[in-house]
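These notes are about the structure you will find just below.
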Amino acid sequence: MQRTLSLVLVACLATTAMAQKLLVKSGSFKDLKSEKELDLEFTFDNMTVGKFAEADYIAKKKTEYNDKEPGRGEKFEQSWIADRESRFAPKFEVLFNDDGGPIKGLRGTTGAKYTLVVHTTRTEPGWNIGISKQPAYIDVEYILKEKATGTVVANAIMLGIPGSQFGGYDYDTGTRLAESYAKAAKELRKWLVKNVFG
């Protein structure tokens, strides 16, 4: 029995590790090798949430929350949008720059030659109700553009980036998703160090 559980755990970890692999779809990130800073931009256009278009997901959740407590749906919607600027982008920036690596990435960097668009294409919010838990997941497309011309230099994707907090204190959707952005930043930085700056 213990051996079976161990095999299942190893299989799950292997699947998660494979899902987070960065896959270059076009171009090359090699032009970043001589750069010291990178302008970051975060976009969420045409994102799906679970099996819904984002607008449909928000409408559904607003109705569910307002049926339980009037006004709660509007608070959910405000928080859902505000988390992008207040949690997700800052978490990504902090973890991308965490080790003082070869390139620094920040929003609004004026001296950078390139902009990296971190485009979220899919969000799975997950849940934590105490007795049952499902981590959040995001799919991200990285679009590297020349800042002056807007010319796309490279395009890559990373799918199934998990987010949850150690100890299980991630009852809030925004907390779980912020951890997905932290993981995305760490994995991207690690990939750049190995494949571009290495």
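For this structure, a couple of remarks:
- Condition check for E74: modelled with pLDDT of 95 or more, of a type in the set (D, E, K, R) and outside any strand (DSSP E or B): yes
- Among the residues of the stretch 93-106, the one identified as within 15 Å of the chain's Cα centre (by Cα) and surrounded by fewer than 15 Cβ atoms within 10 Å (Cβ to Cβ) is V94.
- Some residue of the stretch 42-54 being farther than 30 Å from T110 by Cβ and assigned to a helix (DSSP H, G or I): yes
- Residue tally, condition modelled with pLDDT of 95 or more, on the phi < 0 side of the Ramachandran plot and of a type outside the set (S, T, N, Q), over the stretch 149-176: 8
- Hits in the stretch 72-108 - residues which are touching a strand residue (DSSP E or B) at 6+ places or on another chain (Cβ under 6 Å) and closer than 20 Å to M47 by Cα: A89
- Check on D83, within 23 Å of the chain's Cα centre (by Cα), assigned to a helix (DSSP H, G or I) and on the phi < 0 side of the Ramachandran plot: yes
- Meets criteria (buried (at least 17 other Cβ atoms within 10 Å of the Cβ) and assigned to a strand (DSSP E or B)) for Y142: yes
- Selected residue [over 24 Å from V24 (Cα atoms), out of contact with any Gly (no Cβ under 8 Å at 6 or more places or on another chain) and either free of Cβ contacts under 8 Å to residues at least 60 places away in the same chain or not aromatic (F, W, Y) (or both)] from K62, K91, K51, K113: K51
- Odd one out for L9, checked against (1) modelled with pLDDT under 95; (2) in contact with a helix residue (DSSP H, G or I) (Cβ under 6 Å, 6 or more places away or on another chain): (2)
- Within the stretch 99-158, the only residue that satisfies the criterion of being farther than 23 Å from G174 by Cα and among the aromatic types (F, W, Y) is Y114.
- Test for A55: is it small (G, A, S), more than 19 Å from N195 (Cα to Cα) and either surrounded by 14 or more Cβ atoms within 10 Å (Cβ to Cβ) or at pLDDT 95 or above (or both): yes
- In this structure, E179 qualifies as charged (D, E, K, R), modelled with pLDDT under 95 and closer than 20 Å to K21 by Cα.
- Residue match in the stretch 17-25 (condition: within 15 Å of the chain's Cα centre (by Cα), surrounded by 14 or more Cβ atoms within 10 Å (Cβ to Cβ), at pLDDT below 95 and part of a helix (DSSP H, G or I)): yes
- For the stretch 109-142, the set of residues classified as in contact with a strand residue (DSSP E or B) (Cβ under 7 Å, 6 or more places away or on another chain), under 16 Å from L38 (Cβ atoms) and at pLDDT below 95 consists of T109, G111, listed by residue number.
The values are calculated or read from the model by the stated rules, or taken from the named source; none is laboratory data. As the structure is a computational prediction, the values presented were derived from the model and not from experiment. All Cβ positions, even for glycine, are placed from backbone atoms using ideal geometry, and neighbour counts span all protein chains on display.
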